[in-house]
Amino acid sequence: MAIAENLVSIKSTLPKQVTLVAVSKTKPVSDLMQAYEAGQRIFGENKIQEMAEKYQEMPKDILWHMIGHVQTNKVKFMAPFVHLIHGVDSLKLLQEIDKQAKKNNRIIDCLLQIHIAEEETKFGLNQEELIALVSSSLFEEMKNIQIIGVMGMATFTDDKDQVKKEFSHLKNIFENLQRINPKNSQLNTISMGMSGDYQMAIDSGSTMVRIGSSIFGERN
Ligand SMILES: *Cc1c(COP(=O)(O)O)cnc(C)c1O
């Protein structure tokens, strides 16, 4: 029952405007069900196939978030049911999501992933690429996607000032995007903060935290 306890204690520390995504990647359905029975309805996965299998097996009132890097050719497997895609970082990917959403008669909510970390390896757009994307006519033509905000991952470091700086940067980018007020958008979400840094992320304006190991335990 540690999972339920972890969940309840984390939830009690979150301000009410902050949404908790329980990151359940690699964990078995039995673990997810413990969180479900403790009231959790939003789960985050980083592999489309794994998410689709869990979707099949689990109660249908769960909201499934794709938090990982998305390959264009796999979008079709989640388009019927995914609730929010966090890692959108190209026009090409957005066009595929739009196309698959249309086939399913849906409008799919997306977050644009922004590169805020120092590491080269992390995915995401920079500010100029973001503005170019949302200003392009191809973007404006899409009818089956909606941008509801931004997502970012800070550098994996003990340097708190560094992490704080990166989170503030993401908040700034979100506010700039709000000022631009692009088509196909309803901006209300800043997805930032994981087990190790979510408190700092909330202090920096996060509205959605993605927490895995602090709920479900370490992954192998
Ligand atoms: C795995 C993952 C998380 C959760 O990480 P924890 O440190 O286990 O909380 C959050 N966001 C993304 C994008 C992830 O891939």
Margin query: Looking at Q178, Q127, Q146 in this structure, which one is without any contact (Cβ under 8 Å) to a residue 40 or more places away in the chain, surrounded by 13 or more Cβ atoms within 10 Å (Cβ to Cβ) and not acidic (D, E)?
Written below: Q178
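With respect to V163, is the statement that it is more than 17 Å from the chain's Cα centre (by Cα), of a type in the set (A, V, I, L, M, F, W, C), surrounded by fewer than 22 Cβ atoms within 10 Å (Cβ to Cβ) and farther than 21 Å from H65 by Cβ true? Talk me through it step by step, then tell me what you get.
Working: more than 17 Å from the chain's Cα centre (by Cα): yes; of a type in the set (A, V, I, L, M, F, W, C): yes; surrounded by fewer than 22 Cβ atoms within 10 Å (Cβ to Cβ): no; farther than 21 Å from H65 by Cβ: yes.
For V163, the condition - more than 17 Å from the chain's Cα centre (by Cα), of a type in the set (A, V, I, L, M, F, W, C), surrounded by fewer than 22 Cβ atoms within 10 Å (Cβ to Cβ) and farther than 21 Å from H65 by Cβ - is not met.
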Margin query: Filter region 22-47 down to the residues that are surrounded by fewer than 21 Cβ atoms within 10 Å (Cβ to Cβ), within 14 Å of the ligand (Cβ to nearest atom) and under 14 Å from L84 (Cβ atoms) and list them by number.
Written below: I42, N46
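Which of the residues that make up region 149-160 are open to solvent by less than 50 Å² (accessible area, probe 1.4 Å), assigned to a loop (DSSP other than H, G, I, E, B) and either aliphatic (A, V, I, L, M) or under 17 Å from I108 (Cβ atoms) (or both)? Break it down into steps so the answer makes sense when it comes.
Just the residues of region 149-160 that are open to solvent by less than 50 Å² (accessible area, probe 1.4 Å), to begin with: 149-152, 154-155.
Pick out the ones that are also assigned to a loop (DSSP other than H, G, I, E, B) and you get 154-155.
Answer for region 149-160, where residues must be open to solvent by less than 50 Å² (accessible area, probe 1.4 Å), assigned to a loop (DSSP other than H, G, I, E, B) and either aliphatic (A, V, I, L, M) or under 17 Å from I108 (Cβ atoms) (or both): just A154.
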Margin query: Could you tell me how many of the residues in region 1-21 are away from the ligand (no atom under 15 Å from the Cβ), under 26 Å from E57 (Cα atoms) and either open to solvent by less than 50 Å² (accessible area, probe 1.4 Å) or not hydrophobic (A, V, I, L, M, F, W, C) (or both)?
Written below: 2
Item checked: Flag for L138 being open to solvent by 70 Å² or more (accessible area, probe 1.4 Å), over 14 Å from the mean Cα position of the chain (by Cα), closer than 28 Å to D98 by Cα and touching a residue at least 24 places away in the same chain (Cβ under 8 Å) -> yes
Margin query: Please go through region 193-220 and give me each residue that is near the ligand (Cβ under 9 Å from one of its atoms), free of Cβ contacts under 8 Å to residues at least 60 places away in the same chain and touching a helix residue (DSSP H, G or I) at 6+ places or on another chain (Cβ under 6 Å), ordered by number.
Written below: G193, S195, D197
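Could you list all residues from region 63-73 that are open to solvent by less than 80 Å² (accessible area, probe 1.4 Å) and either among the polar types (S, T, N, Q) or more than 15 Å from the chain's Cα centre (by Cα) (or both)?
Of the residues in region 63-73, the ones open to solvent by less than 80 Å² (accessible area, probe 1.4 Å) are 63-68, 70, 72.
Passing the criteria: only T72.
Kindly evaluate G205 against the criterion of being of a type in the set (G, A, S), under 17 Å from the mean Cα position of the chain (by Cα) and closer than 27 Å to A4 by Cβ. Before the answer, list the steps.
Working: of a type in the set (G, A, S): yes; under 17 Å from the mean Cα position of the chain (by Cα): yes; closer than 27 Å to A4 by Cβ: no.
So G205 fails the test.
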Next item on the list: Of the conditions (1) under 13 Å from S191 (Cα atoms); (2) in contact with a Lys or Arg (Cβ under 8 Å, 6 or more places away or on another chain), G87 clears all except one; give me its number.
Entry: (2)
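Residue check: is Y36 under 17 Å from G217 (Cβ atoms) and assigned to a helix (DSSP H, G or I)?
On the way: under 17 Å from G217 (Cβ atoms): yes; assigned to a helix (DSSP H, G or I): yes.
Spelling it out, Y36 is indeed under 17 Å from G217 (Cβ atoms) and assigned to a helix (DSSP H, G or I).
The values are calculated or read from the model by the stated rules, or taken from the named source; none is laboratory data. Note that this is a predicted model, so its numbers are computed, not measured. Note: ideal-geometry Cβ built from the backbone for every residue, glycine included; neighbour counts use all protein chains shown. Heavy atoms of the whole protein, side chains included, go into the accessibility calculation; ligands, DNA and RNA do not. Shrake-Rupley method; radii C 1.70, N 1.55, O 1.52, S 1.80 Å.
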